[in-house]
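Okay, so here's the structure we're looking at.
The values are calculated or read from the model by the stated rules, or taken from the named source; none is laboratory data. Bear in mind that the values here come from a model prediction, so they are computed numbers and not experimental data. Neighbour counts run over all protein chains shown; Cβ positions are idealised from the backbone, glycine included. Note: accessible area is taken over every heavy atom of the protein model, side chains too, but ligands, DNA and RNA are not part of it. Shrake-Rupley method; radii C 1.70, N 1.55, O 1.52, S 1.80 Å.
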Amino acid sequence: MDTEMDQIYQIDVGNLLAFNPNHRFPSAPSSREELVKECVTEGTKLVQAIADTLFNFPSTETVDGPLVQLPPPTTKLPREKHLPMPKPPTKWEEFALKKGIQKRKKDKIVYDETTDQFKRRHGYDRVNDDNDIPIIEAKASDEPGEDPFAKRLDDKKKRVGKQEKNRLQNLKTAAKAGALPSHVQLAVTALPISGTKTQPQKIGKDALGDVAGLAATSTASGGKFDKKLPGEKPPKKQGKHHKYLPVVPRYGVVDEEKEQTNKVLGKLLSKHSHEILNVGKAINMYNDKKEKKKSGRSDKLKAKKDITKKKPYANKAN
Amino acid sequence: MMEIRTPKTHKAKRVLEKRAPKLVENGKKTLILHGTKTSATVSSVLMELYRLKKGGAIKYSRRNENIRPFESGGETSLEFFSLKTDCSIFVYGSHTKKRPDNLVLGRMYDHHVYDLIEVGIENFKSLLSFSYDKKIAPHEGSKPFICFTGEGFDNVPELKQLKEVLTDLFRGEVVENLNLTGLDRAYICTAISPTKVFLTHCAIKLKKSGTIVPRIELVEVGPSMDLVIRRNRLPNEGLRKEAMRSSKDKPKKKVKNVDQNDVLGKLGRVYIPEQEVGKIPLADKSKGVKRERREGKLKKNKEEGSASKKLKESE
């Protein structure tokens with residue numbers, strides 16, 4: 001009986017799903033009610049068929065009722081999201097694999113020789129805490145005038161910073177492989193994540209003042225006849241950016257103009273003036289020019305050849 | 001320059017972890033949406049679908065002008081909503097002159113439209129129009145039976161797709177353990193013609209039959225409607241292959257306190273709490289039964305006895 005039923009119906013107990021592909025209405029139902037009735041009775045049969053298998057599974061009694069273990073669903077349905085990607089190994093993991101370094105568990109609590117006590121490995125009141133040492137002995141290699149305590153702190157900061165950098169790098173490679181941990185997001189600080197909108201940047205006081213000054217002086221009169229707003233400051237730069245040095249020096253002051261020209265001349269005429277010249281660049285430029293000349297000539301030659309070829313041919317045809 | 005962003009609260013972290021792609025996925029959530037215009041029928045269909053799916057569905061009540069699932073570019077905001085709500089099935093209702101009482105059922109893969117099927121609604125009967133004993137009314141979030149009848153579901157490609165979509169929509173979460181007393185609803189789909197499907201929702205009555213398997217009776221509790229197939233879009237073949245991929249290795253559950261040893265075989269570890277011997281209550285602590293006192297008394301009695309003897313002797 002059961003095998004017959006199975007052949008008629010396709011049953012997926014994992015989804016509590018049944019399908020009867022062979023059903024046909026014996027006669028076209030005349031009214032809506034008849035149709036519904038027919039469908040429901042057919043459905044009842046199907047539900048009964050699922051229940052037959054379901055209630056025959058071994059069950060465990062609980063307070064709320066019998067619990068049955070369902071088999072996994074057999075109908076294949078698409079996934080909601082892609083399969084999780086395997087995480088690429090970090091730089092250290094790669095290195096450890098190459099060198100055959102194996103992970104081992106460390107005790108949380110370590111014996112501390114100085115205090116003759118067991119102490120935590122990390123955190124508050126830990127073993128070999130640098131901060132507990134009140135005196136650092138001077139070494140021959142120490143630089144004079146350097147605070148060893150400050151140096152220790154600084155070194156620690158650098159180490160932490162380096163580790164953070166490494167972490168970021170590892171996360172970037174993970175992101176490339178699509179295996180970034182779900183709770184981590186890598187964001188470009190300067191650009192928004194979406195990439196379509198530019199992030200509104202906060203304009204500082206100085207930048208605002210610059211813009212306001214530009215706007216105020218961009219009239220024909222350079223803002224001379226404009227009404228000043230209450231609290232508006234005069235524009236920062238007003239005309240005249242080029243300062244000419246006086247031709248005749250003031251009394252007792254070195255001639256600035258003379259000095260300036262002297263400086264330039266000195267550079268050019270000095271003993272090592274050849275060092276100013278970038279020889280490599282000069283050679284490159286020279287070569288470039290030469291090549292251009294050559295190619296120009298060859299073009300001309302080619303064009304001439306074509307013309308000479310065509311002409312006799314045209315003559316013959318005539 | 002890059003910046004590592006992590007959630008500031010544990011709750012946010014949990015939420016993100018819940019949304020991440022997993023080996024064994026959680027149930028698909030459904031997003032229910034309105035188009036620019038919806039007729040009374042369509043809006044009540046959406047409302048009642050939401051009631052049936054409550055717990056695994058999110059309903060948006062506003063009109064959406066830029067959603068046109070079948071047109072290119074009309075799916076961007078749909079995909080955004082899917083990303084926002086973490087829903088991978090959507091039901092979109094609209095009503096136009098060309099396609100009255102229209103329902104678009106679709107699925108998402110990785111928050112991109114996977115496949116679409118459009119159906120028209122006819123002969124809709126609301127939940128409220130059914131009268132039945134309220135005791136048998138299905139509970140919220142119970143696992144349903146799903147039944148399909150008709151050869152159309154095997155032969156006609158549109159119906160085949162509709163069957164798959166409806167299964168995905170109704171089946172809820174995949175469970176391992178099922179409480180048999182909690183079975184109280186069934187969805188029944190019948191292919192009346194190659195383009196028409198009758199869909200109804202029934203409550204289940206479990207009657208005694210004399211055997212372990214109860215006799216099942218179905219009572220229509222609604223809603224019920226006819227779905228007329230209109231447009232459909234099948235999934236891209238490459239995408240389908242990608243989405244159907246499953247991993248062979250199931251995630252192993254970590255077994256605690258059990259080790260495997262080459263020499264000794266399977267070894268278990270048992271936790272025994274600290275035996276606080278000092279705190280174990282003694283049998284009797286009252287003064288009279290203390291040993292010193294008892295002994296002292298005995299001694300005293302002896303002495304007295306000996307003393308009296310001496311006295312007697314002296315007499």
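Given the options B:28, B:84, B:11, which has the most mean-square fluctuation in a GNM of chain B, springs set between C-alpha atoms less than 10 angstrom apart?
Highest fluctuation among the options: B:11.
How would you classify the stretch B:195-275 from its alpha-carbon gyration tensor, with a ≥ b ≥ c the square roots of the eigenvalues: rounded for a/c under 1.5, else prolate if a/b is greater than b/c, otherwise oblate?
Working: a/c = 3.96, a/b = 1.63, b/c = 2.43.
Cα axes put the stretch B:195-275 in the oblate bin.
Would you list A:110, A:63 from the most to the least accessible area, probe 1.4 Å?
A:63, A:110
Nearest 5 is fine: what % of DSSP beta bridges in the stretch B:26-233 come out antiparallel, could you say?
Numbers: 40 of 54 bridges.
Of those bridges, close to 75 percent are antiparallel.
Under a crude label model (7 Å from the Cα following the beta-carbon direction), how far is residue A:141 from residue A:294 in nanometres?
With each label point 7 Å from Cα toward Cβ, the separation is 5.7 nm.
Please compute the per residue accessible area over the stretch B:26-233 with all protein chains in place, 1.4 Å probe, rounded to a whole number of Å². Present the calculation step by step, with values, prior to reporting the outcome.
Numbers: 8900 Å² over 208 residues.
Dividing the accessible area of the stretch B:26-233 by its residue count gives 43 Å².
Starting from 0.36 nm per residue, how many nanometres of slack lie between residue A:83 and residue A:30 once their C-alpha separation is accounted for? Don't jump to the answer; show the numbers that get you there.
Numbers: separation 53, 0.36 × 53 = 19.08 nm, distance 5.04 nm.
Stretched out fully, the residue A:83 to residue A:30 stretch lengthens by 14.0 nm.
On a C-alpha basis, how far is the centre of the stretch B:161-192 from the centre of the stretch B:71-142 in Å? Whole number, if you could?
16
With axes computed from alpha carbons, what is the tilt in degrees of helix B:291-314 against the longest principal axis of chain B, rounded to the nearest 10 within 0 to 90?
The helix B:291-314 is inclined about 20 degrees to chain B.
Note the per residue figure in Å³ for the convex hull of the C-alpha positions in the stretch B:72-134. Please report the intermediate quantities before stating the final value.
Numbers: hull volume 8.4 nm³, N = 63.
In the stretch B:72-134, the Cα hull volume divided by residue count equals 134 Å³.
Dipole magnitude of the stretch A:139-195 about its Cα centre, charges +1 at Lys/Arg Cβ and -1 at Asp/Glu Cβ only, in debye to the nearest 20? It would help to have the intermediate numbers written out before the result.
Numbers: 12 positive and 7 negative charges, 65 e Å.
With Lys and Arg at +1 and Asp and Glu at -1, about 320 debye.
With heavy atoms of protein chains only and a 1.4 Å probe, what residues of the stretch A:26-56 have at least 50 Å² less accessible area in the full set of chains than alone?
Going by heavy-atom accessible area, the residues of the stretch A:26-56 that drop by at least 50 Å² are A:32, A:39, A:40, A:47, A:48, A:55.
What size of dipole, in debye to the nearest 20, comes out for the protein assembly as shown about its Cα centre when the only charges are +1 on Lys and Arg C-beta atoms and -1 on Asp and Glu C-beta atoms? Present the calculation step by step, with values, prior to reporting the outcome.
On the way: 127 positive and 84 negative charges, 683 e Å.
Result for the protein assembly as shown is approximately 3280 debye, rounded to the nearest 20.
Can you check what the Kirkwood hydrodynamic radius comes to for the protein assembly as shown, Cα pairs only, in Å to one decimal? Each step should come with its number before you reach the end.
On the way: mean 1/r = 0.0278 Å⁻¹.
Evaluated over the protein assembly as shown, this radius sits at 35.9 Å.
Between their Cα atoms, which of B:11/B:253; A:202/A:224; B:37/B:97; A:91/B:248; B:28/B:54 are more than 19 Å away from each other?
Details: B:11/B:253 24 Å; A:202/A:224 30 Å; B:37/B:97 10 Å; A:91/B:248 29 Å; B:28/B:54 13 Å.
Where the Cα-Cα span goes over 19 Å, the pairs concerned are B:11/B:253; A:202/A:224; A:91/B:248.
Could you give the nm distance between label points at residue B:300 and residue B:85, where each point is 7 Å from its Cα heading toward the beta carbon?
Modelled inter-label distance: 8.9 nm.
Cα centroid distance between the stretch B:218-284 and the stretch A:28-93, in Å?
First find each Cα centre; the distance between them is then 17 Å.
Go ahead and collect, in residue order, the members of the stretch B:164-200 whose backbone nitrogen is under 15 Å from a label point 7 Å along the Cα-Cβ direction of residue B:244.
The answer is B:164-165, whose backbone nitrogens lie closer than 15 Å to the label point.
Considering only the protein assembly as shown, what is the antiparallel percent among its DSSP beta bridges, to the nearest 5? Display every interim value, and only then the final one.
Values: 61 of 80 bridges.
The antiparallel fraction comes to roughly 75 percent.
When the Cα atoms of the stretch B:26-233 are enclosed in a convex hull and the volume is divided per residue, what value in Å³ results? Don't skip to the answer; put the middle values down first.
Details: hull volume 27.2 nm³, N = 208.
Looking at the stretch B:26-233, the number lands at 131 Å³ per residue.
Debye sum, Cα scatterers, the stretch A:10-68, no solvent: what log₁₀ I/I(0) at q = 0.13, 0.14, 0.28 1/Å?
Scattering profile of the stretch A:10-68, log10 relative to I(0): -0.49, -0.54, -1.14.
Using a probe radius of 1.4 Å on protein heavy atoms only, what is the accessible area buried between chains A and B, both sides summed, to the nearest 100 Å²? Before the final figure, lay out each step's value.
Working: alone 30830 and 23040 Å², together 47420 Å².
In total, chains A and B hide about 6500 Å² from solvent.
When chain B is treated as a GNM, springs tying every alpha-carbon pair under 10 Å, which of B:162, B:127, B:264 comes out with the largest mean-square fluctuation?
B:264
With each run of n ≥ 4 DSSP H residues scored as -39500 (n - 2.57), what mean residue ellipticity at 222 nm is computed for the protein assembly as shown after dividing by its residue count and rounding to the nearest 500 deg cm²/dmol?
Values: 14 runs with 217 residues, N = 633.
That comes out to -11500 deg cm²/dmol.
Cross-link list A:45/B:125; B:84/B:160; A:105/B:13; B:134/B:207: which exceed 21 angstrom alpha carbon to alpha carbon? Before the final figure, lay out the partial values.
Numbers: A:45/B:125 23 Å; B:84/B:160 30 Å; A:105/B:13 27 Å; B:134/B:207 17 Å.
Checking Cα-Cα distances, A:45/B:125; B:84/B:160; A:105/B:13 exceed 21 Å.
List every residue whose amide H lies under 5 Å from the amide H of residue A:81, counting only residues 5 or more places away in sequence or on a different chain, with H placed 1.01 Å from N in the peptide plane.
Under 5 Å from the amide H of residue A:81 lie the amide H atoms of B:110, each far enough along the sequence or on another chain.
Within the stretch B:71-92, what residues put their amide N at less than 19 Å from the label point 7 Å along the Cα-to-Cβ vector of residue B:65?
B:71-81
Between residue B:155 and residue B:283, what length in nm is gained on full extension when 0.36 nm per residue of separation is reduced by their alpha carbon distance?
Numbers: separation 128, 0.36 × 128 = 46.08 nm, distance 8.29 nm.
The span from residue B:155 to residue B:283 would gain 37.8 nm if fully extended.
Select from B:26, B:66, B:177 the residue whose mean-square fluctuation is largest in a Gaussian network model of chain B (Cα-Cα springs shorter than 10 Å).
B:177
List the relative contact order of the stretch B:26-233 as a percent without decimals, with contacts defined as Cα pairs under 8 Å and 6+ residues apart. Don't jump to the answer; show the numbers that get you there.
Numbers: 441 pairs, mean separation 44.7, N = 208.
Relative contact order comes out at 21 percent.
To the nearest 20 debye, what is the magnitude of the charge dipole of the stretch B:56-158 about its Cα centre, counting +1 on the Cβ of each Lys and Arg and -1 on the Cβ of each Asp and Glu?
580
Can you tell which of B:264, B:236, B:139 lies farthest toward the positive end of the dipole of chain B, using +1 and -1 charges on the Cβ of basic and acidic side chains (Lys, Arg; Asp, Glu)?
B:264
Among A:207, A:89, B:24, which residue has its Cα furthest toward the positive end of the charge dipole of the protein assembly as shown, with +1 on Lys/Arg Cβ and -1 on Asp/Glu Cβ?
Checked the options; the winner is A:207.
Taking amide H positions as placed in the peptide plane 1.01 Å from N, state which residues far from residue B:58 in sequence (5 or more) or on other chains have amide H under 5 Å from it.
The list, which skips near neighbours in sequence, is B:30, B:31, B:32.
Once both labels are modelled 7 Å past Cα along the beta-carbon direction, what's the residue B:258-residue A:95 spacing in nm?
So the two model labels end up 3.9 nm from each other.
Can you send over the carbon and sulfur percentage of the accessible area for the protein assembly as shown, probe radius 1.4 Å, protein chains only?
On the way: 25880 of 47420 Å².
Reported share for carbon and sulfur atoms: 55 percent.
Not counting ligands, DNA or RNA, and with a 1.4 Å probe, what is residue A:27's accessible surface area in Å² rounded to the nearest 10?
It works out to around 80 Å².
What do you get for the angle between helix B:10-19 and the principal long axis of chain B? Use alpha-carbon atoms, 0 to 90 degrees, nearest ten.
50
Across peptide B:167-174, what mean number of C-beta atoms from other chains lies inside 10 Å of a residue's C-beta? Could the numbers behind the result be given before it?
Working: counts 7, 5, 0, 3, 8, 2, 0, 6.
Mean inter-chain Cβ contacts per residue within 10 Å come to 4.
Net charge near residue A:122: determine it from the other residues with C-beta under 11 Å of the C-beta of residue A:122, scoring Lys and Arg +1 and Asp and Glu -1.
Working: positive: A:106, A:108, A:119, A:120, A:121, A:126; negative: A:125, A:129.
Around residue A:122, the surrounding residues sum to +4.
Between residue A:156 and residue B:269, what FRET efficiency follows from the Cβ-Cβ distance if R0 is 51 Å, with the result rounded to 0.05? Working shown, then result.
Numbers: r = 40 Å, r/R0 = 0.78.
Given R0 = 51 Å and the Cβ-Cβ separation, E is 0.80.
Please name which of B:40, B:92, B:61 has its Cα lying farthest along the dipole of chain B towards the positive end, using unit charges on Cβ (Lys, Arg +1; Asp, Glu -1) and the Cα centre as origin.
My answer, from the dipole projection, is B:61.
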